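Asks: One structure follows; several queries about it will come next.
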Amino acid sequence: MSETPAKTCIYPGCERPAVPPNPLGGPQPSFCDLEEHNALTAHQERQRLAKVTSDQQAGRRESDG
Ligand SMILES: [Zn+2]
């Protein structure tokens, strides 16, 4: 018996547990059971967050100097 540490969904901001690995084998998915959480939407969300962050930094820079 070996306990594997619980994996958490890697979708930005999501803290749900990742779905358990398929009993037939294969790697454990990196996302929870929400349909909208997958590699594509996670990528899009990271892009969106990156843009929001860079916009904030750009705005901050104007008053910085
Ligand atoms: Zn998730």
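Asks: Of all residues in the stretch 28-45, which are part of a loop (DSSP other than H, G, I, E, B), in contact with a Pro (Cβ under 7 Å, 6 or more places away or on another chain) and more than 8 Å from the ligand (Cβ to nearest atom)?
Replies: Listed by number, the list holds a single entry, Gln28.
Asks: Also, quick follow-up: Determine whether the stretch 4-12 contains at least one residue that is modelled with pLDDT under 95, of a type in the set (Lys, Arg) and more than 18 Å from the chain's Cα centre (by Cα).
Replies: No, the stretch 4-12 contains no residue that is modelled with pLDDT under 95, of a type in the set (Lys, Arg) and more than 18 Å from the chain's Cα centre (by Cα).
Asks: Which pairs have Cβ atoms under 9 Å, sit 6 or more apart or on different chains, and link a residue in the stretch 14-26 that is under 15 Å from Glu36 (Cβ atoms) and among the hydroxyl-bearing types (Ser, Thr, Tyr) to one that is modelled with pLDDT under 90 and away from the ligand (no atom under 16 Å from the Cβ)?
Replies: Close Cβ pairs (under 9 Å, with a partner that is modelled with pLDDT under 90 and away from the ligand (no atom under 16 Å from the Cβ)) do not exist here.
Asks: With the checklist (1) modelled with pLDDT of 90 or more; (2) on the phi < 0 side of the Ramachandran plot in hand, flag the one item Gly59 doesn't pass.
Replies: Tallying (1) modelled with pLDDT of 90 or more; (2) on the phi < 0 side of the Ramachandran plot, Gly59 fails exactly one: (1).
The values are calculated or read from the model by the stated rules, or taken from the named source; none is laboratory data. Keep in mind the model is a prediction, meaning the values are calculated, not measured. With ideal geometry, Cβ positions are generated from the backbone for all residues, glycine too; neighbour counts draw on all protein chains shown.
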